[in-house]
């Protein structure tokens, strides 16, 4: 298991191409395409793993076995699911706004993919190491709100409309504590570049210096991904499937897919910002950096799933109240304390 | 303290995640049914006297019996249950005096077509009577005799 | 700004209406302005069907009313016919009826708890209660042969005696019931999110509960101490020592909570019944063809949903002239429309779940 296996492959590819006389511009373009395709494959593979993992964990928590029929231990279940979804009829109800209705499931996948371009999945392993990575991520992530809203609105179904209105209210509100919780970290590091944020955690992870911010981030992250206890957008027992009610087959499957991908993103972000990214704890560097990253990310995902299969759903007014009355003030207080702390530490010279 | 219940819940689910699973992998493993289980019906044809008590006991007229009289005894030729209407209440089994109708432990009675669900427990033709009644034979003989007698007259 | 209300048709096909129940909601945003319950989608005409069946043949149909507690449904009807005919039921039968009836009540309450948890969003609670319910149902299957529609009661007795393996199996299960209830408490009742969703939601005041003739846990959640088993003991309930759990606020949370407590009390009753059960016949002296004298009789029992009554009119023939069932779910639903007004859409689901209806019983 090489520490630099993926970085090595990229360097090797670049060397091969430049020795073959490919001009530098083409070289860079091809390399970028390769990276993006890798991200695509990575996302799809992760989706399948997550699909299996979610169902299996749900089964285990509920004293069941979960999928165990397709393949050894049910490992091929996600493939079977995708096959089933592809084989289904794309039913378009009569009264929907056809263009928007069909466009939204396609678009829902774009923002998560755009975000993946900047996530450093290991040391030097960001497809694009952007200097405003955190800012970019939140800017792009907000886009999925409008897509969910469009899906619900175009369905011409009251359940869908309620669901999409909830989606707008919830995702716009929870964006605030999500970003505010990261501000403390950004103030300490003084950078928006994700790689630099990770490097800044060399001595101590930010989860220990910013525990409240981590908690706020975790709660708001669950809300951003629309998972229980904040799964009001789908709210199965209230509004059937929310914005997805009228979708069928693969158009429907795109929404859970996007949901899983955004869960990966939220977990990856928490790993990067709070759990030290690819940095190895206890100096265990014999495990490669990208593996550390995945371990931490999957621990986060597991906690998301664990929480999902334990808690009931919160009500819509409580959801908003909790956000504006608890999370946002708490996040602001955290920023304030961080700022004061920074000045105090600077004054006594513990921290420069 | 706020949040205690939340942590408690997580503890419960964590414990359950690691504990023994309660389901069985159905087609590979079967749970044995209790002796009284109301499964597929079984009819012991030899014991059945075609009395029709079961058909009368049924609340839904599920049981259809066809019988013929052979040798002064009722002979069951067809015993059909319209299982699609059956309530599995067990009143028919209870009403059977001869213990002919019983429940078995078979649970998989599902079929692909509704019409296939019908359960025909007996479908057989009535056997030929072993000995023909007395008067019938004599009448036949007399008729034969008369026919035999008339032919010569015709000829003559 | 001018806003308009809109109509949302909740049901008949909806994940959390517990069957085919329809509520026409007039919504202002997410707030309910007016709720009109529309039952009747599962109407099978059991009362009319009964008129064409003999007295015994009606028993399987009573199963199909509250199919979550079918034993209790059997009991009410059988008790009415026995009252009509003046049959004295043997001692052992009374004990058997109490045991299987209370087991059925446990199974029914487990569904109520799980379904309410599931409706609030905790699907794991739903699977846990169903998992535990299977063990209760195993016992009833051991006795009657069926897992849901038992048809175990007969006029003047029961279909078969309790099998020998029933007693150790029941005692084993009863020992596990406190742990089961604690698990539900830890997972759902103690959960702050669940409490936030259900406390002070859908409050039924004791006066309104009585005015609307509610019964069962729905009424007792408001603090009205009316349990038929205590208030007017039928069968042999006066011989058992148990408590009636009561709520204080009359909100969804109380209605939910006392169901878990009732499971604990049912466990106590079964334990006492198992200790006291005498030997004896399992069938009273009943003529082969049941022909009650002309007249009528009404018998009530406390089912898991409330007071379940059966009214049987006989004209002296082997078939009942008229049968009427007082189904607690249906009568408890009468208050739903008024109860939902002013609450959020999600609360409607919680309120409906806390009333614990079974559509087979509502529509009969």
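The values are calculated or read from the model by the stated rules, or taken from the named source; none is laboratory data. In this text the structure is predicted, and so the values were computed from the model without any measurement. Cβ sites come from the backbone with ideal geometry, for glycine too, and all protein chains shown count toward neighbours.
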Q: Of the numbered conditions (1) under 14 Å from the mean Cα position of the chain (by Cα); (2) part of a strand (DSSP E or B); (3) loosely packed, with under 14 Cβ neighbours inside 10 Å, residue B:64 fails exactly one; give the number of that condition.
A: (3)
(Q) Name the residue that is nearest to the other protein chains (Cβ to nearest Cβ), counting only residues in the range B:15-50 that are within 18 Å of residue A:68 (Cα to Cα) and not in a loop (DSSP other than H, G, I, E, B). (A) B:17
Q: Being facing another protein chain (nearest Cβ under 10 Å) and buried (at least 23 other Cβ atoms within 10 Å of the Cβ) is the filter here, so list the residues in the range C:160-188 that pass it.
A: C:184, C:187, C:188
(Q) Go through (1) within 30 Å of residue A:309 (Cβ to Cβ); (2) within 14 Å of chain B (Cβ to nearest Cβ) for residue C:200 and report which single condition fails. (A) (2)
Q | Checking residue A:191 against (1) surrounded by 20 or more Cβ atoms within 10 Å (Cβ to Cβ); (2) outside any helix (DSSP H, G or I), the condition it does not meet | A | (1)
Q: Tally the residues that are in contact with a helix residue (DSSP H, G or I) (Cβ under 7 Å, 6 or more places away or on another chain) and surrounded by fewer than 16 Cβ atoms within 10 Å (Cβ to Cβ), restricting the search to the range A:2-30.
A: 4
(Q) Test of understanding: among A:226, A:203, which residue is crowded, with 19+ Cβ neighbours inside 10 Å, free of Cβ contacts under 8 Å to residues at least 60 places away in the same chain and part of a loop (DSSP other than H, G, I, E, B)? (A) A:226
Q. Of the residues that make up the range C:225-245, is at least one more than 14 Å from every other protein chain (Cβ to nearest Cβ), surrounded by 23 or more Cβ atoms within 10 Å (Cβ to Cβ) and over 30 Å from residue A:316 (Cβ atoms)?
A. yes
(Q) Looking at C:288, C:319, C:305 in this structure, which one is part of a loop (DSSP other than H, G, I, E, B), within 14 Å of another protein chain (Cβ to nearest Cβ) and modelled with pLDDT of 85 or more? (A) C:319
Q: Could you list all residues from the range C:291-302 that are crowded, with 24+ Cβ neighbours inside 10 Å and outside any strand (DSSP E or B)?
A: C:292
Q. Restricting attention to the range A:39-80, and to residues there that are touching a residue at least 60 places away in the same chain (Cβ under 8 Å) and more than 14 Å from every other protein chain (Cβ to nearest Cβ), which single residue is surrounded by the fewest Cβ atoms within 10 Å (Cβ to Cβ)?
A. A:40
Q. Out of the range B:112-129, which residues are in contact with a helix residue (DSSP H, G or I) (Cβ under 9 Å, 6 or more places away or on another chain) and either within 17 Å of residue B:67 (Cα to Cα) or surrounded by 10 or more Cβ atoms within 10 Å (Cβ to Cβ) (or both)?
A. B:117, B:118, B:119
Q) Within the range C:326-339, can one find any residue that is crowded, with 20+ Cβ neighbours inside 10 Å and assigned to a strand (DSSP E or B)? A) no
Q: Could you tell me whether residue A:255 is crowded, with 22+ Cβ neighbours inside 10 Å and in contact with a helix residue (DSSP H, G or I) (Cβ under 9 Å, 6 or more places away or on another chain)?
A: yes
Q. For the range C:9-21, how many residues are assigned to a strand (DSSP E or B), surrounded by fewer than 21 Cβ atoms within 10 Å (Cβ to Cβ) and either within 10 Å of chain A (Cβ to nearest Cβ) or free of Cβ contacts under 8 Å to residues at least 12 places away in the same chain (or both)?
A. 2
Q | Flag if residue B:88 is surrounded by 12 or more Cβ atoms within 10 Å (Cβ to Cβ), in contact with a helix residue (DSSP H, G or I) (Cβ under 8 Å, 6 or more places away or on another chain) and part of a loop (DSSP other than H, G, I, E, B) | A | no
Q) Is one or more of the residues making up the range A:34-46 at pLDDT below 80 and on the phi > 0 side of the Ramachandran plot? A) no
Q | Options A:160, A:142, A:173, A:155; residue that is within 14 Å of chain C (Cβ to nearest Cβ), touching a residue at least 24 places away in the same chain (Cβ under 8 Å) and in contact with a helix residue (DSSP H, G or I) (Cβ under 8 Å, 6 or more places away or on another chain) | A | A:160
Q | Evaluation of residue A:330 against (1) buried (at least 23 other Cβ atoms within 10 Å of the Cβ); (2) at pLDDT 85 or above; (3) away from chain C (no Cβ under 14 Å) (one fails), failing number | A | (1)
Q: Would you check which residues across the range A:303-323 are at the interface with another protein chain (Cβ under 7 Å from one of its Cβ atoms) and under 19 Å from residue C:349 (Cα atoms) and list them?
A: A:311, A:312, A:313, A:314, A:315, A:316, A:317, A:318
Q. Hey, which of the helices (runs of 4 or more DSSP H) in the range C:35-119, taking only ones fully inside, have at least 1 residues that are surrounded by fewer than 22 Cβ atoms within 10 Å (Cβ to Cβ)?
A. C:46-50, C:70-85
Q) Which of the residues that make up the range B:77-98 are more than 12 Å from the chain's Cα centre (by Cα) and more than 14 Å from chain C (Cβ to nearest Cβ)? A) B:77, B:84, B:98
Q) If we keep just the residues of the range B:51-61 that are part of a loop (DSSP other than H, G, I, E, B) and in contact (Cβ under 8 Å) with a residue 24 or more places away in the chain, which is farthest from residue C:60 (Cα to Cα)? A) B:51
Q. Among (1) under 15 Å from the mean Cα position of the chain (by Cα); (2) surrounded by 24 or more Cβ atoms within 10 Å (Cβ to Cβ); (3) in a helix (DSSP H, G or I), where does residue C:129 come up short?
A. (1)
Q) Taking the range C:198-226 on its own, how many of its residues are assigned to a loop (DSSP other than H, G, I, E, B) and either in contact with a strand residue (DSSP E or B) (Cβ under 6 Å, 6 or more places away or on another chain) or without any contact (Cβ under 8 Å) to a residue 24 or more places away in the chain (or both)? A) 4
